[in-house]
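What follows is calculated from the coordinates using simple rules that are stated; it is not laboratory data. Please read these numbers as outputs of a predicted model, since none were measured by experiment. Glycine gets a Cβ as well: all are built from the backbone with ideal geometry, and neighbour counts include every protein chain shown.
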Amino acid sequence: QGSLREALRLEPENEKARRLLEVTKSLYSPSRAMSILWTVLTLLLLFTLHEYAHAFAAHRFGDDTARQAGRWTLNPIVHLDLVGSLVLPAILLWRQSEIVFGWAKPVPVNPDNYSDRKRGTVFVSFAGSGINLAAALAALLLILFVLLVVRLVSPGAVFYAVAQFSPPL
């Protein structure tokens, strides 16, 4: 918003900048507490799904190490790492970073137990990345669905106005 205000100060008749400034003022902006809550819940969900995917893939190839260690579970507490899941994300949130990330405790696997060691190693390694990609795709589809519903319910909605805005070149 600051750069738009500056553009309007320098060029008061810039209608596109004025329109975009009005749209950005009317957009929903969650409270800081709500943003932190959603970020923490998202990280917990993704850490859990990522590690569970590794454990599941290892189990499918014959390795029960994760199950025996109690790590083949959807319980997020089991997967938390002190530094990667708690300290680093907390520091990034406290510093109001634009990007928040972390990691979970790796699921223990034993490639010697795989029915096919080469294929098992590849599948178990990529299982976590695959679930991350699937989660990103699901989030994209959810956002597109919400935008479609907003467009159908309220054709003149702000979201649509943002999508239609083309900044000056």
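Quick notes on this one:
- Cβ-Cβ distance of W94 and R119, R₀ of 45 Å, FRET efficiency by 1/(1 + (r/R0)^6): the value works out to about 0.55.
- FRET efficiency, 1/(1 + (r/R0)^6) with R0 22 Å, evaluated for S35 and L82 via beta carbons: 0.40
- Sites F101 and L144 - FRET efficiency at Förster radius 22 Å, r taken between beta-carbons, to 0.05: 0.35
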